[in-house]
Amino acid sequence: MATIDGLPPLREVIQTHDLVAKKQLGQNFLLDLNLTAKIARLAGDLSGCDVLEVGPGPGGLTRGLLAEGARRVLAVEKDPRCLPALAEISAAYPGRLQVINGDALEVDVLSHLTAPIRVVANLPYNVGTELLIRWLTPAQWPPFWDSLTLMFQKEVAERIVAKPRSDHYGRLALLAQWRCDAKIVMHLPPEAFTPAPKVHSAVVHLTRLTEPRFPADGAVLGRITAMAFNQRRKMLRSSLKGMGAGIEDKLVAAGIEPTARAEEIPLERFCALARLVAAG
Ligand code: SAM
């Protein structure tokens with residue numbers, strides 16, 4: 001059957017290169033090229049952008065990104081078995097796909113990328129949250145990327161976009177929403193993947209803001225939210241005791257009831273508290 005890019009269908013690629021999925025590498029592949037092109041389009045206009053893709057696997061999403069016009073794709077893949085399949089894509093798109101065989105948690109990608117940069121990935125579930133947190137907490141803002149378009153387990157996606165007073169609201173929501181607009185842009189059932197995972201998935205699109213949504217020191221905000229959500233059912237006056245004497249007065253000054261719980265407090269108030277704590 002003909003494909004959008006003239007390369008073999010992904011089922012054939014998987015067979016040819018004997019890419020039996022490995023659970024420990026979070027390998028749940030997308031084999032429908034119409035779907036991967038759609039995910040690539042959700043990332044916005046790729047034509048003038050370098051794209052960082054983590055975990056290309058047999059290359060379904062990679063092909064979508066290239067077909068949708070990405071200027072260049074840098075793909076970091078841990079599993080060396082995928083390299084021959086990715087080399088075929090590279091040959092079909094001369095000079096536009098660079099593949100690095102390595103662990104995305106260790107590879108220095110920056111020296112291989114030119115701005116503007118978008119990150120698009122169907123992330124391996126075991127490292128997805130850790131990578132997201134790293135991308136959201138760089139040493140300096142703005143970060144190297146303009147947007148992140150990432151597939152997660154549905155539950156993780158919901159934690160990223162959660163609002164106060166919901167079950168999923170916590171540190172990940174605050175971290176993401178402090179410096180980004182974050183939206184769920186697609187839901188996928190398990191059957192969209194081969195093999196099908198046990199859980200549903202969702203794509204989240206995050207666009208970075210130039211300035212944080214509310215002023216605060218990132219390290220202080222990080223400490224406060226870690227403490228507050230570590231014991232999310234406790235009243236803040238007790239979960240934040242470790243922030244030092246006078247925390248109860250600072251809570252009040254930030255417009256927070258000391259008897260409230262972390263999950264009730266919007267980002268704006270946490271930022272106000274972080275400013276008061278930083279002021280000493
Ligand atoms: N992008 C492909 C797709 O959509 O069909 C594959 C997605 S699959 C969910 C995750 C991919 O990430 C696998 O190819 C796996 O080998 C790779 N992977 C797992 N851990 C990794 C890591 N630490 N660094 C880079 N790639 C990793």
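Read-outs throughout are calculated quantities, based only on the coordinates presented, and are distinct from any laboratory measurement. Just so we're clear, the structure is a prediction, and the values are computed from it rather than from any experiment. Neighbour counts run over all protein chains shown; Cβ positions are idealised from the backbone, glycine included.
Quick one: Debye curve from the C-alpha atoms of segment 103-232, no solvent, what's log10 I(q)/I(0) at q = 0.11, 0.19, 0.20, 0.22 Å⁻¹?
-0.41, -1.18, -1.28, -1.46
For the chain, find the longest principal axis of its Cα atoms and tell me its angle to the long axis of helix 267-279, 0 to 90°, nearest 10.
60 degrees
Within the chain, what is the number of lysine pairs with alpha carbons under 26 Å apart, leaving out pairs fewer than eight places apart on the same chain?
Step by step, the pairs that qualify in the chain add up to 25.
Could you tell me how many degrees, from 0 to 90 and to the nearest 10, lie between the Cα long axis of helix 33-42 and the main elongation axis, the longest principal axis, of the Cα atoms of the chain?
The answer is roughly 40 degrees.
Can you give the relative contact order of segment 218-279 as a percent, counting alpha carbon pairs under 8 Å and 6+ residues apart?
Reported as a whole number, the value is 39 percent.
Quick one: dipole size for the chain, taken about the Cα centre, charges +1 on Lys/Arg Cβ and -1 on Asp/Glu Cβ, in debye to the nearest 20.
That gives a dipole near 820 debye.
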